Amino acid sequence: MIPLPPDKIKNLLVQEGLVDVEKFDAALGEAQRKRQEVVEVLISQGLLNKDYFYTLLAKHLGVDRIRIRTSDIDEKVLRMLPEDVARERRAIVFARETDGTFDVAMENPTDLETTDFLSLKLDGSVKAYLATDEDLNRGFSLYEEKLTQDFKKIIEDSIRESLRSKVQGEEDLEQAAEDLPIVAIVDNLLAYSVSSRASDIHVEILDDAVLVRFRIDGVLHEIIRMPKEIHPAVIARIKILSGLRVDEHSKPQDGRFRHKIGDENIDIRVSALPTFYGEKIVMRLLKGADRPLSLAELGIVDDRMRDVIVDAISKSYGMFLVCGPTGSGKTTTLYSILNMLNRPEVNIVTVEDPIEYDMRFVNQVQVNAAAGITFAGGLRSILRQDPNIIMVGEVRDADTASIAVQSALTGHLVLSSLHTNDAPTAIPRLFDMKLPPFLIAAVLNAVFAQRLTRRIHLQCIESYTPDSATLDSISDQLKALNVDPGAIKMPTTFYRGKGCDACSGTGYLGRVGIFEVLHITGALRKLIVSPQFSLDALRQAARKEGMVTMFEDGLQKVERGVTTIDEVFRVIRE
């Protein structure tokens, strides 16, 4: 929460010449309509730099701005304020001065009630500094070491308690799933996964143990191993929560449930799969974002790429596809585009599975096969709702593809996702869905493809000179893409994270996309309908039209110190 009302923010920005009155008023109207902060709207529209705004805001408030580095935080002082209090008050105690004053980074340093509370809690005077959400989250991450210790102790205690009773039949299994030790194990797995920023929880059965792994920033990490004996009860507990059959062990099952962790509601999608030693459970955690990200925040910084996207979604009809494998961020990109298109004069309707972000003024339909709502069926119903813009979560089959294309032909802008390796491959994938080439050429505005790479943790970043083997690998990859290595600028200095406590020694924190966009120009339309169509010819023509491949976009981010060359290779080659 920005500690200034909109009128004062307006005066501040206009006086500094950062935004004119008309643009601010338009952004304020948009913010009020979408129930967002006006500063967030200005940042997402590219009209305001967040870091510079906070520096300006601190000066206006008469306080110091602090950019927290985890290495600068005194952990003994940090832990004088319990984590739950720190998160509730949005404050981090990062140092103590020689006179005993506590230095506190705050979201709102002008909140006298909070500063008085902290002074009493810490039994000392407090000096408040202005900090961003990102600054505070770096401080919160240092609480995780103790959280890990608490988590493992709770799990170990719960395991010992659960092993005292033996499970016999299915009735005993359901009873065991309701026992407090098993409930505690599952609840703590969920709580710890959220604090670890995990997107998925894998509960796997081995020949001698139960293995729990979290997917964090796209990579699986082993978290804990538990005795094999508690596997049936843990699986049963998760099945009960997600509405699955406890007595079914030989067929795959899918379910979902909502779980409250602290003040946050987490939607959890559950998949149960029979494996050699027993059932495996995967839980995907769906946490609502604070707001849709801007194109720049997604990682789309190339001007031409951004212009192609804006042009493609500015049309009143046609189709815009986002491509990539599962977990590559396609849905996040679609939500960002929907947010750009969400205006009072248009009717936007979506059909999704699941609805991952609640967007105000967007009519969102949840796929429900049991109720007869599929992507294709939902899309048919949507067309009777007088939509201007339609978003289909995924084109999975020929029926959905055909209806989506017909919609795009009849005056609707259709957004959707497709599972392909890159942007050009979307064309033969649509051919495979029995769509006529002339229809594909007629409706496609652009195809966007992406992957997610891990971001270098900026608190422990270092530069290095790549060895010859790495440079050779880059050249080989470019040649495989029919790109002349001599025709592009090769990075000379690479970056990586050394690893620290705040990033759990990985050197990474968070993720950023690498992208490519296939702009369907007149030349490409002719090629798509040509009897001599080939994927290689399409790629060569796209290059002539100026398409930058994902690998090249990744190289640019490597040069800027955003990600590492190892990460780019990992996601490109997977």
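Summary of values
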quantity: Loop-located trypsin sites (Lys or Arg not before Pro) in segment 351-458 whose Cβ has at most 14 other Cβ within 10 Å (DSSP); calculated: R360, K434
quantity: Percentage relative contact order, the chain, counting C-alpha pairs under 8 Å, at least six apart; calculated: 9 percent
quantity: Accessible area of segment 165-273 belonging to carbon and sulfur atoms, whole % at 1.4 Å probe; calculated: 46 percent
quantity: Whole-percent carbon and sulfur share, accessible surface of segment 343-471, 1.4 Å; calculated: 50 percent
quantity: Orphan Cys of the chain, criterion: no other Cys C-beta under 4.7 Å; calculated: C323, C503
quantity: Simple Cβ-charge dipole of segment 1-128, Lys/Arg +1 and Asp/Glu -1, about Cα centre, in debye nearest 20; calculated: 220 debye
quantity: Under the Debye formula (equal points on every Cα, no solvent term), log10 I(q)/I(0) of segment 499-568 at q = 0.14, 0.19 Å⁻¹; calculated: -0.58, -0.79
quantity: Coil-residue chymotrypsin sites (Phe, Trp or Tyr not before Pro) of segment 208-300, DSSP, other Cβ within 10 Å capped at 13; calculated: F276
quantity: Tensor-based shape of segment 152-268 (alpha-carbon gyration tensor, a/c under 1.5 rounded, otherwise prolate or oblate); calculated: rounded
quantity: Anisotropy class of segment 1-130 from Cα gyration tensor, a/c 1.5 cut; calculated: prolate
quantity: Long pairs among K315/K526; K10/K50; K34/K127; K8/K121; K287/K498; K59/K557, criterion Cα-Cα beyond 26 Å; calculated: K34/K127; K8/K121; K287/K498; K59/K557
quantity: Accessible area (Å², per residue) of segment 234-346, counting only protein heavy atoms and a probe of 1.4 Å; calculated: 46 Å²
quantity: Structure-based [θ]222 nm, the chain - -39500 (n - 2.57) summed over DSSP H runs of at least 4, per residue, nearest 500; calculated: -12500 deg cm²/dmol
quantity: GluC sites (Glu not before Pro) lying in DSSP loop within segment 243-319, provided at most 16 other Cβ fall within 10 Å; calculated: E248
quantity: Solvent-accessible area, 1.4 Å probe, carbon plus sulfur percent, for segment 1-143; calculated: 48 percent
quantity: Relative contact order for segment 185-224, counting Cα pairs under 8 Å that sit 6 or more residues apart, in percent; calculated: 30 percent
quantity: Per residue accessible area of segment 1-75, 1.4 Å probe, in Å²; calculated: 55 Å²
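The values are calculated or read from the model by the stated rules, or taken from the named source; none is laboratory data. Being a predicted model, the structure only gives us computed values, none of them experimental. Ideal geometry is used to build each Cβ from the backbone, glycine not excepted, and the neighbour counts take in all protein chains shown. Areas reflect the complete protein model, heavy atoms only, side chains present, ligands, DNA and RNA absent. Shrake-Rupley method; radii C 1.70, N 1.55, O 1.52, S 1.80 Å.
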